[in-house]
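Below is one structure, written out as structure tokens, with a few remarks after it.
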Amino acid sequence: MAFKDFLKFNKDKTTFIFVGGKGGVGKTSISSATALWLAKNGNKTLIVSTDPAHSLSDSLEVPIGHYPREIKTNLYAVEIDPDEAMAQKQAVLESQKSGADKDQIMGLDMLSDQLNIASSSPGADEAAAFEIFMSVMTSNEYDVVVFDTAPTGHTLRLLSFPDVMDSWVGKLMKVKAKLGSAANKLKNIIPFMDSDENVQSTEELERTKKQINQAKEVLSDPDRTTFKMVVIPEEMSIYESERALETLEKYNITVDNIIVNQVMPDITDCDFCHSRHKLQQKRLALIDQKFQQQDIFEIPLFKDEVKGQEKLLNLADILYEGKDNDEYQQKAIQL
């Protein structure tokens, strides 16, 4: 079964693909290659970098900003900037103070302080990423959204955000009760609210809670959301991915594929290469043992850095066209 056969597309509904794993295993290359291949095959695709240390623009060799922009036919890209997202919300808050009474300004200041804390907290990147997920989840503007995720810990926090947001909305209800009529001015800073409506007491917030529950359903629907775990044939990567897999299962997120990157060919006239190959064969056996419920695909260690759209498409052809290991190795040496 070829790797491309695991990609599921839904008529009039966006498909979500999360690519994750330990830092340094090649997630951005795999994500970029996947997005390029999807776009090349006629799918309107958005690739989202959720990693605070963005490398997506370096990988694709095009400038990418905080807002989705078309970088190639059918391909759009965005690198999330939580500072920019928070700055926009702060600007809206400041504008709402005009005409507010003393108590209302106090409430708005309280929200401003919470935003300042949130903007510098470890979860700021995940919060901004989840907001984008929520916005594209229901719009169905794209056929596929590929998430180039941060290293494992960040990603697990991102995927736990539906529960965090549920709690946040509950707290917001309490804040609204203190703000009274001034809460109607908050429509531009409450994520996922309709911009042309006032905040209608608990009814509007309950609608937001319903959207959050919908996000949980989409994330746990294997026909719409899958997680591709990238590992390399090293113990630290394997064991970290195994633990991540257990956590993802608790969130009911389907991990259908393990992508083993940087697999060395056996070059017998090179003692170092041959030794590394033998060690990797042991690690590959361990991967087979640890991930028996997932389909495993291997990508060779390339001669040169996989960077730029041409090389990324070569990687995509190798991954998605189902060539055997000999063909993998031959093409890797040629690149």
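Computed values, structure above
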{"item": "Filter result for THR268 (out of contact with any Ser or Thr (no Cβ under 7 Å at 6 or more places or on another chain) and in contact (Cβ under 8 Å) with a residue 24 or more places away in the chain)", "result": "no"}
{"item": "Criterion violated by ARG276 - all others in (1) in contact with a strand residue (DSSP E or B) (Cβ under 9 Å, 6 or more places away or on another chain); (2) surrounded by 16 or more Cβ atoms within 10 Å (Cβ to Cβ) satisfied", "result": "(1)"}
{"item": "Pair list, Cβ < 9 Å and 6+ apart or interchain, from region 287-300 residues that are among the aromatic types (Phe, Trp, Tyr) to residues that are in a strand (DSSP E or B)", "result": "PHE291/MET229; PHE291/VAL231; PHE291/VAL255; PHE291/ILE258; PHE297/ASN257; PHE297/ILE258; PHE297/ILE259; PHE297/VAL260"}
{"item": "Residue that is surrounded by the fewest Cβ atoms within 10 Å (Cβ to Cβ) [pool: residues in region 279-307 that are farther than 16 Å from ILE259 by Cα and out of contact with any Ser or Thr (no Cβ under 8 Å at 6 or more places or on another chain)]", "result": "ASP304"}
{"item": "Lone unmet requirement of (1) within 23 Å of ALA150 (Cα to Cα); (2) touching a residue at least 40 places away in the same chain (Cβ under 8 Å); (3) not small (Gly, Ala, Ser) for LYS4", "result": "(1)"}
{"item": "Which listed residue, of GLY42, GLY21, is buried (at least 22 other Cβ atoms within 10 Å of the Cβ) and of a type outside the set (Val, Ile, Thr)", "result": "GLY21"}
{"item": "Hits in region 63-106 (condition: over 28 Å from LEU159 (Cα atoms), in a loop (DSSP other than H, G, I, E, B) and either modelled with pLDDT of 70 or more or of a type in the set (Ser, Thr, Tyr) (or both))", "result": "THR73, SER98"}
{"item": "Subset of region 303-335 (residues that are under 22 Å from LEU60 (Cβ atoms), modelled with pLDDT under 90 and among the hydrophobic types (A, V, I, L, M, F, W, C))", "result": "ALA332, LEU335"}
{"item": "Among (1) among the acidic types (Asp, Glu); (2) under 17 Å from GLY20 (Cα atoms); (3) touching a residue at least 60 places away in the same chain (Cβ under 8 Å), the one test that ASP223 misses", "result": "(2)"}
{"item": "All positions within region 239-273 that are aromatic (Phe, Trp, Tyr) and either surrounded by 14 or more Cβ atoms within 10 Å (Cβ to Cβ) or closer than 15 Å to GLN289 by Cα (or both)", "result": "TYR239, TYR251"}
{"item": "All positions within region 36-62 that are under 16 Å from LEU312 (Cα atoms), charged (D, E, K, R) and not in a helix (DSSP H, G or I)", "result": "GLU61"}
{"item": "Residues of region 245-275 that turn out to be among the charged types (D, E, K, R) and touching a Cys at 6+ places or on another chain (Cβ under 9 Å), as a count", "result": "1"}
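For (1) at pLDDT 90 or above; (2) touching a Gly at 6+ places or on another chain (Cβ under 8 Å), each residue gets a yes or a no:
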position	(1), (2)
LEU179	no, yes
THR202	no, no
ARG207	no, no
GLN211	no, no
GLU217	no, no
MET229	yes, yes
PRO233	yes, no
ALA244	yes, yes
LYS250	no, no
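The values are calculated or read from the model by the stated rules, or taken from the named source; none is laboratory data. Predicted model only: the values in this text are computed from it and were never measured. Neighbour counts are summed over all protein chains in view; Cβ atoms, including those assigned to glycine, are modelled from backbone coordinates with ideal geometry.
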